[in-house]
Amino acid sequence: MQIEILLPLIGYLLLVCLLSIYAYHRRQKGEFLHEYFLGNRSMGGVVLAMTITATYISASSFIGGPGAAYKYGLGWVLLALIQVPTIWLSLGVLGKKFAILARRYNAVTLNDMLYARFQSRLLVWIASISLLIAFFGAMTVQFIGGARLLETAANIPYEIGLLIFGITIALYTAFGGFRASVLNDTLQGFVMLVGTIILLVATIHKAGGLAAATETLKTIDPKLITPQGADNIFSIPFMFSFWILVCFGVIGLPHTAVRCISYKNSQAMHRGIIIGTIVMAILMLGMHLAGALGRAILPDLTIPDQVIPTLMITVLPPFAAGIFLAAPMAAIMSTINSQLLQSSATIIKDLYLNIAPEEIKKEKKLTWISSASTLILGALLLLAAWHPPQMIIWLNLLAFGGLQAVFLWPLILGLYWQRANRFGALSSMILGALSYTLLTVFDVKFLNFHPIVPALLLSLIAFLIGNVVGEKKSLSTSIKTS
């Protein structure tokens with residue numbers, strides 16, 4: 001193990017623990033459900049910006065995306081910037097109206113919002129089961145990514161790294177709740193910013209400057225410095241699919257949407273949009289540009305995804321490498337803690353309390369059940385990640401695309417279309433999930449689009465048809481009966 005690299009990482013994990021202890025003491029003072037799962041809706045602009053950014057950015061932004069930029073060149077850097085408007089879209093489309101209705105419905109989870117709007121327990125059960133299955137797959141991938149990162153960069157055995165990583169996240173999420181999650185997201189957002197800037201500056205310096213790095217890339221392959229990129233993969237269907245999957249479709253991700261009902265006021269939302277968009281631009285540009293320029297320094301990597309860990313060791317002194325190591329760790333941890341907390345909220349609020357509503361007044365019991373469910377989920381994820389299967393990254397893509405196919409249209413149309421009803425929402429959820437799964441599993445290509453595009457189109461058509469044949473219930477009627 002490399003002690004110089006580990007020391008900054010250990011310091012970072014200690015800060016995570018201290019913030020979680022603070023959050024644990026704060027949540028003792030509030031009403032359990034709203035404090036544990038929403039932080040009592042108290043997020044300001046900076047915290048909102050950092051938590052929604054950190055929740056969105058995962059291992060793929062620090063490992064997979066830069067690896068693609070290494071392989072395809074500067075064209076991929078331009079493509080990655082498609083993700084910059086994500087925060088603006090999420091808070092702009094959902095933000096104010098979503099928060100107002102959440103307070104009116106006294107909603108704690110996304111499924112609370114869906115039930116208040118569509119008045120269907122079946123819809124809540126389908127949504128809850130879809131969320132738990134998809135999140136389990138996605139979190140398993142992140143657990144493996146965190147352990148592999150420690151194994152590659154710090155020579156920590158995979159199993160030990162997995163235990164360190166998994167136990168830390170499970171404990172601070174279980175006992176700190178939403179407040180611990182967003183406070184640590186804020187810390188992790190700043191860590192990612194610092195790490196990204198350090199690595200990009202060091203990479204440019206090592207390559208002899210931007211001009212020299214560009215010339216080196218040109219000698220390796222002239223297409224590396226063209227907008228089309230190496231291998232000419234940037235077709236219109238590819239770029240449109242990419243935009244849907246990693247930008248527009250993010251509106252339909254439950255762990256992103258729940259951040260849109262947890263902020264303090266409109267001023268916090270507006271600040272969150274501005275700050276979050278700036279932070280997203282720096283992170284997307286910095287990490288992908290470092291990956292693309294890294295090929296000028298490390299031209300012979302056989303596995304592109306190794307570019308960032310290898311660059312970290314190559315261009316940074318050990319202590320600075322340790323600071324940067326905390327950045328992808330932060331990206332992974334911030335994504336997992338939001339998914340883990342949302343899974344716990346789904347189990348407690350959407351499933352358990354729907355079966356036993358009288359238990360809502362037993363706050364002490366709910367506290368222990370929530371913490372226990374989070375810890376049990378963490379243990380199951382450790383077991384799932386202990387012997388990682390090959391090509392698990394496809395499970396991650398399947399999980400996130402599946403969530404978008406299930407939640408996107410019921411969420412957006414439920415907010416903005418008064419005539420939307422439960423039959424349309426149920427039809428959209430079921431056909432969206434089935435079509436995306438079948439198209440992905442059997443690798444069916446429709447005009448070379450990613451499966452998320454035809455799946456969302458089919459789920460939209462299903463919503464419209466289901467809405468016509470179902471009952472015509474307006475938003476005002478739904479509010480009266482909720």
Checklist entry - If you take the charge dipole of the stretch 240-389 about its Cα centre, with +1 on Lys and Arg Cβ and -1 on Asp and Glu Cβ, which of 269, 385, 302 is farthest toward its positive end? => result 269
Item to check | Full-stretch length increase - residue 129, residue 210 - with 0.36 nm per residue and alpha-carbon distance subtracted | outcome: 24.3 nm
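Hey, what did the stretch 341-438 get for relative contact order, percent, Cα under 8 Å, at least 6 apart?
Numbers: 39 pairs, mean separation 22.6, N = 98.
It comes to 23 percent, rounded to a whole number.
So what is the diffusion coefficient of the stretch 316-409 in µm² per second by Stokes-Einstein at 20 °C and 1.002 mPa s, using a Kirkwood Rh over Cα pairs?
Values: Rh = 16.3 Å.
Estimated diffusion coefficient is 132 µm²/s.
Mind ranking 76, 417 by accessible surface for me, highest first, 1.4 Å probe? All intermediate terms of the calculation are to be shown ahead of the outcome.
Details: 76 25, 417 75 Å².
Ranking 76, 417 by accessible area, largest first, yields 417, 76.
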Checklist entry - How many angstrom separate the Cα center of the stretch 154-194 from the Cα center of the stretch 275-306? => result 23 Å
Checklist outcome for this item: Longest principal axis of the chain (C-alpha) makes with the long axis of helix 158-206 (C-alpha) an angle, in degrees to the nearest 10, of 40 degrees
Next on the checklist: Within the chain, which is the longest segment that contains none of the GluC sites (Glu not before Pro) sitting in a DSSP loop with at most 13 other Cβ atoms within 10 Å?
Outcome noted: 32-470
Next on the checklist: Quick check on packing: order 299-312, 280-293, 323-336 by the mean number of other C-beta atoms within 10 Å, highest mean leading.
Outcome noted: 323-336, 280-293, 299-312
Checklist entry - Kirkwood hydrodynamic radius (Cα pairs, Å) of the chain? => result 22.8 Å
Next on the checklist: Between the stretch 230-274 and the stretch 103-123, what is the separation of their alpha carbon centroids in Å?
Outcome noted: 22 Å
Checklist outcome for this item: Two pseudo-spin positions, 7 Å from Cα along C-beta at residue 122 and at residue 355, lie apart in nanometres by 2.1 nm
Item to check | Rg/Rg_globular for the stretch 136-237, with Rg_globular taken as 2.2 N^0.38 Å and Rg from C-alpha atoms | outcome: 1.52
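For the chain, what % of the accessible area comes from carbon and sulfur atoms, probe 1.4 Å?
On the way: 13360 of 18990 Å².
Whole-percent figure for carbon plus sulfur exposure: 70.
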Checklist entry - Around residue 114, with a cut-off of 11 angstrom between Cβ atoms, what is the net charge of the other residues, counting Lys and Arg +1 and Asp and Glu -1? => result +1
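Can you give me the accessible area per residue for the chain, using a 1.4 Å probe, in Å²? Could you put the intermediate results ahead of the total?
On the way: 18990 Å² over 482 residues.
With all protein chains present, the chain gives 39 Å² per residue.
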Checklist entry - What is the Cα radius of gyration of the stretch 250-339 over 2.2 N^0.38 Å, N being its residue count? => result 1.38
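Before rounding to the nearest 500, sum -39500 (n - 2.57) across all DSSP H runs of length at least 4 in the chain and divide by the residue total; then give [θ] at 222 nm in deg cm²/dmol. Please report the intermediate quantities before stating the final value.
On the way: 21 runs with 354 residues, N = 482.
Here the helix-only value at 222 nm equals -24500 deg cm²/dmol.
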Item to check | Cα centre as origin, Lys/Arg/Asp/Glu Cβ charges: the chain dipole, Debye | outcome: 1740 debye
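If we sort 315-321, 106-112 on the protection proxy, mean other Cβ atoms within 10 Å, highest first, what's the order? Write out the running numbers ahead of the final one.
On the way: 315-321: 18.1, 106-112: 23.1.
In descending order of packing, they fall as 106-112, 315-321.
The values are calculated or read from the model by the stated rules, or taken from the named source; none is laboratory data. Keep in mind that what you see is a predicted model, and the values were worked out from it rather than measured. So basically every Cβ, Gly included, is an ideal-geometry build from the backbone, and we count neighbours across all protein chains shown. Heavy atoms of the whole protein, side chains included, go into the accessibility calculation; ligands, DNA and RNA do not. Shrake-Rupley method; radii C 1.70, N 1.55, O 1.52, S 1.80 Å.
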